[in-house]
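Only one structure is covered here, and it is reproduced in the block below.
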Amino acid sequence: MKFICNTKELSNACNNVMRAVSAKVTIPTIEGILIECGSNTLSLTGYDFEFGINTIMSVDVIEPGAIVINAKVLCDIIRKLDNDDITIETNSNSVSLSCGAAQYNITGIDAEDYPELPSVNNGKKIELSQSLLYSMVSQTLFAVADSESSKPVFTGLKFEIRNDEITMIGVDGYRLAIRKESINYNGEDLDFVVPKKTIRELIKLFNLEDDSKVSISISKRHIVFEVDNYSIISRLLDGEFIEYNAAIPKETTTTVLINTQDAIDCIERTLPVIENNQKNPIRCLFDNDQMRVSTVSSLGRVINYTHANTSGARVEIGFNSKFMLDALNASDVDQVKIQLVGPVSPTVIKPIEGDNFIFLVLPMRLKNENQG
């Protein structure tokens, strides 16, 4: 195998593909990037048995072939080279790289040993714009559980696709995020859960200025996202997902209309004296056209106010400040509606009009202490 390409373009592609290379499994083959040359194209693949990234780029191919090169070594070498053309050539499992005055000889691995990526040839297909997918992910991924969650299916973002509508749902046991959008789709109903890591890596490849389409192919066990000249393949998560609609309170005793940024600022002013969100919840009092936020810790105490249009019963309720801020920051509207059913029921945050997003935050128990 022998090819010549632009060093900067190759470095960018290798760094993107490297994010799918295993950092946990010490198998030399999957610690590497699979490099395959066809006729004037170069394919780069990283894969850790659960998640893979592939890209194809145009290069000057002198001799087709394939080899696996340790991803860290390859990326480190290319990153330090000048922005000239690089020539990569293999002889058996020996790899030579030359760029300007720099020359390297490293050991490669037989490409035959590289695992085959799963196929989604007969999968269901949909297309979404990058901007829409990015917006929906930004408003739901924050609520997806991290890997230490006791229920693995909650470490993924759920997609529900029905006639002309897509819904994404994130949940971690303490909060819930739901985002809906109308789309042009009239195929069969689809439900699947994509790992959080996959979604995070996918949106890193987005070019929102170009806003091209993302093609999505879904099979029973795997999903492929195609964006620009990249393909991301991932396993889907199995398991029983929460009946999220049942978690939304059916009644409201207190409704608060508030400027989103004012609410964020009011809560953020309590942060300097919060040592631990679990030990020091914020105390929110909604009453008399006012949102009053306070907290106390060994570092000190703080009380802050902001205007709010409150109707219904007076409510004093405790929250993890991070969970409330995550929900408010994910709201893409100037004003939000906060719906409460007393101090022990989930709190709903949604737009003033409509329900294209709904956030639920579970309250925290407050100590019976005077916080002023």
Count charges around Ile86 for me, please; just the other residues with Cβ under 12 Å from its Cβ, Lys/Arg as +1, Asp/Glu as -1.
-2
Note on region 248-361: contact order normalised by length, alpha-carbon pairs under 8 Å, 6 or more apart, percent, works out to 32 percent
Nonlocal amide H pairs with Ile62, under 5 Å, H built at 1.01 Å
Lys2, Phe3, Ile4
Candidate cut points under trypsin sites (Lys or Arg not before Pro) in region 34-132, DSSP loop plus at most 14 other Cβ atoms within 10 Å of their own Cβ, are Lys80
Amide H neighbours of Gln335 under 5 Å, at least 5 residues apart or on other chains, H built in the peptide plane: list them.
Thr260
Distance from region 86-109 to region 190-222 (C-alpha centre basis), Å:
34 Å
Can you work out ³J(HN,Hα) from phi for every residue in region 310-317, in order, using Karplus 6.51 cos²θ - 1.76 cosθ + 1.60 and θ = phi - 60°, giving whole Hz and x for Gly and Pro?
9, 10, x, 6, 5, 9, 10, 8
What is the local net charge at Met364, summed over the other residues whose Cβ is closer than 11 Å to its Cβ (Lys, Arg +1; Asp, Glu -1)?
+4
Please find, in a Gaussian network model of the chain (springs between Cα atoms separated by less than 10 Å), the residue of Ala246, Ala111, Ala330 whose mean-square fluctuation is greatest.
Ala246
For the chain, longest principal axis from Cα atoms; helix 321-330 axis from its Cα atoms; angle between them, nearest 10 degrees, is 70 degrees
Name the shape class, rounded, prolate or oblate, that the alpha-carbon gyration tensor gives for the chain, where a ≥ b ≥ c are the square roots of its eigenvalues, rounded holds for a/c under 1.5, and otherwise prolate holds if a/b is larger than b/c and oblate otherwise.
prolate
Which is the longest stretch in the chain that no exposed loop site breaks, taking sites as GluC sites (Glu not before Pro) with a DSSP loop state and at most 13 other Cβ atoms within 10 Å?
1-115
Leu157 long-range amide H proximity, modeled H, under 5 Å:
Val194, Lys196
List the trypsin sites (Lys or Arg not before Pro) within region 298-372 that fall in a DSSP loop (any state other than H, G, I, E or B) and whose Cβ has at most 14 other Cβ atoms within 10 Å.
Arg314, Arg365, Lys367
When Lys250, Lys180 are arranged by how many other beta-carbons sit within 10 Å of their Cβ, fewest first, they go Lys250, Lys180
Net charge within 12 Å of Asp287 by Cβ-Cβ distance, Lys/Arg positive one each and Asp/Glu negative one each, not counting Asp287 itself?
0
Along its three principal axes, how long is region 44-134 when you only count alpha carbons? Whole Å, largest extent first please.
48, 32, 25
Compute the long axis of helix 7-18 from its Cα atoms, compare it with the longest principal axis of the Cα atoms of the chain, and write down the angle in degrees, 0 to 90, nearest 10.
60 degrees
Only counting other Cβ atoms within 10 Å, I'd like Leu176, Leu74 sorted with the fewest neighbours first.
Leu176, Leu74
Just to check I understand the Karplus step: with θ = phi - 60° and J = 6.51 cos²θ - 1.76 cosθ + 1.60, what whole-Hz values come out for region 138-144, glycine and proline as x?
4, 9, 9, 5, 4, 8, 6
Sort Leu42, Leu81 so that the residue with the fewest other Cβ atoms within 10 Å of its own Cβ comes first and the one with the most comes last.
Leu81, Leu42
When only Cα pairs under 8 Å and 6 or more residues apart are kept, what is the percent relative contact order across region 2-113?
30 percent
Assuming R0 = 35 Å, what is the FRET efficiency of Glu209 and Asp146, from their Cβ-Cβ distance, to the nearest 0.05?
0.70
Between region 5-27 and region 322-347, how many Å separate their Cα centres?
40 Å
Determine the relative contact order of the chain: mean sequence separation of Cα pairs under 8 Å and six or more apart, normalised by residue count, in whole percent.
12 percent
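Throughout, read-outs are computed from the coordinates displayed, never taken from laboratory work. Remember, predicted model here, so these are calculated numbers, not experimental data. In this analysis, Cβ positions are derived from the backbone assuming ideal geometry, glycine residues included, and neighbour counts consider all displayed protein chains.
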